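Encoded as structure tokens, the structure appears first; notes follow it.
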Amino acid sequence: MKFRTLSSANNLTGSRVLLRVDYNVALDDSGSVAPEELFRISRTVPTIQYLLAAGASIVLMTHLGRPHGRLDQKLTTKPLAKELTKMLNMPVQHIPGLVDASTAKHVSKLKPGRVCLLDNLKFNPGEESNSVEFAKQLAELGDILVHDAFASIHRTLASTVALVELMDSYIGLLIEEEVHELSTKVVQASDDFVVVMGGAKTKTKLPCIKHLLSKATYVLTGGILANTLLASAGNNLGLSVVEDLFIKSSKAIVKHKNVVLPRDVICDSVTTNDIEAELRNLDEIEHNDRIIDIGTVTAVEYAQKIREAKTVFFNGPLGFMEKPEGMHGSQAIAELIAALTAQEKITSVIGGGETAALFDKLGLLDDVSYVSTGGGALLSFLVDQKQPGLVPYMV
Ligand code: 3PG
């Protein structure tokens, strides 16, 4: 896959660049960016610095959450401008509200070498409907489009798709890196490839598992995904969280010899607050039990299979990360992956917000071969590299 990259953009000096990034991070109760989410923002800094060094000014554009075309002050990008100001060590002006004539006025005052951030693009209904009219409004704000929102490449958005027809457009350094790293490390992984997959969103994960099974030695499962697969295999899981809608469509995957389900689990009780988390075999799960982690036998089995791998891809935690008792399985696997990577025994790739947050919390983010900024986009890319947000930039 070949793209129009920044190295082929020779008209940057004095230009105003519209830089589409994906800063769709979680905010805490006080409206600030949660610390474990900052990495998604920091990964766009090389592109920002590249553009500034080339003499451009930058109009950053992102979405935040899912306002679906409505202005929602809880989802303003103002806190992101604050973080960027700290990260770049220079003022990043925030331009509030919908994109309209006043946005163009603000932006026209931007001096070379300066950066501003528009408010949430998804406040504007045209962003998600890939509206040409909205793209025309955006095109008024800059001279060149640079798309670096890897986490949104699976979406057809006005700022990443319709806008390409209206402007000179390139992919940024982050997308270039993601495509290269994921292609060489995961898409082209051949033997001894082990996938560790947990979390929720069974709908997105099933096609990805199906696809990866053509080359993975094992797909080791946990989290709500595994609960759904266990339920599909006929297990009674008490009050565990299961994505019922996908029980039927999971049946074929559960039967695949390379898909590994937990043999034992850690449960707490939904009705009793003070109950200690307990280890259970699958046939011991009681009426009020809720699975919160993989069990010890399962963790040992998964670790053994990971030790036999050459490439490991980890997406989605194996337990309930909100509870300390639900973290042990994911933590043990994360520590093993980091250690084997350090010993150069495996190539490791991780991705998805919760997985990156786990590694960050454990101080292991720098101890894997590659951390993707994508969630759904990452899984979609692994299934099919020709994503709607990438194709228009191909040469
Ligand atoms: C993400 O965080 O995965 C991307 O920003 C896409 O968000 P969306 O699923 O709300 O489109």
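For a straight C-alpha distance cut-off of 29 angstrom, the lysines reachable from LYS111 (same-chain residues fewer than eight places away being disregarded) are LYS78, LYS82, LYS86, LYS122, LYS136.
For LYS323, the lysines whose Cα falls under 20 Å of its own Cα, not counting residues fewer than eight places away in the same chain, are LYS201, LYS361. Amide H to amide H distances under 5 Å link VAL92 with THR85, where only residues 5 or more positions off or on other chains count and H is placed in the peptide plane. When you count the other C-beta atoms within 10 angstrom of each residue and take the mean per peptide, 294-303, 93-102, 371-380 line up highest first as 371-380, 294-303, 93-102. In straight-distance terms, cross-link reach from LYS345 covers every one of the aspartates and glutamates whose alpha-carbon lies under 12 Å from its own, apart from those fewer than eight places away in the same chain; here that gives ASP192, GLU308. Building the convex hull from the alpha-carbon atoms of the range 100-248 and averaging its projection over directions returns 12.6 nm².
Quick one: which of 347-357, 276-286 comes out on top by average Cβ neighbours within 10 Å, and what's the full order, highest first?
On the way: 347-357: 23.7, 276-286: 13.9.
Highest to lowest by the protection proxy: 347-357, 276-286.
With a threshold of 18 Å on the Cα-Cα distance, the over-threshold entries among LYS257/LYS305; LYS215/LYS305; LYS2/LYS310; LYS203/LYS251; LYS210/LYS257; LYS210/LYS251 are LYS2/LYS310. By the equivalent-ellipsoid construction on the alpha carbon gyration tensor, the range 208-321 comes out with semi-axes of 24, 17, 11 Å, ordered largest to smallest. Placing +1 on each Lys and Arg Cβ and -1 on each Asp and Glu Cβ, with no other charges, gives the chain a dipole about its Cα centre of roughly 1320 debye. In order along the range 114-124, the phi-based Karplus estimate (6.51 cos²θ - 1.76 cosθ + 1.60, θ = phi - 60°) of 3J(HN,Hα) comes to 10, 10, 10, 10, 6, 6, 3, 4, 7, 5, 8 Hz; Gly and Pro are listed as x. Relative intensity of the range 1-84 on a log10 scale, I(q)/I(0) at q = 0.21 Å⁻¹, equals -1.02, per a Debye sum over C-alpha point scatterers of equal strength in the absence of solvent.
Taking N as the number of residues in the chain, what value does Rg over Cα atoms divided by 2.2 N^0.38 Å take? Don't skip to the end; give the middle numbers.
Details: Rg = 22.2 Å, N = 395, 2.2 N^0.38 = 21.3 Å.
Output field value: 1.04.
Membrane-span-like helices of the chain, defined as complete DSSP H segments with a Cα extent of 20 Å or more along the helix axis and a mean Kyte hydropathy of at least 0.0, are identified as 328-342.
Every read-out reported here was derived from the displayed coordinates using simple, explicitly stated rules and does not represent laboratory data. All of these numbers come straight from a predicted model, not from anything done at the bench. Heads up, the Cβs are rebuilt from the backbone with ideal geometry, glycines too, and the neighbour counts pull from every protein chain shown.
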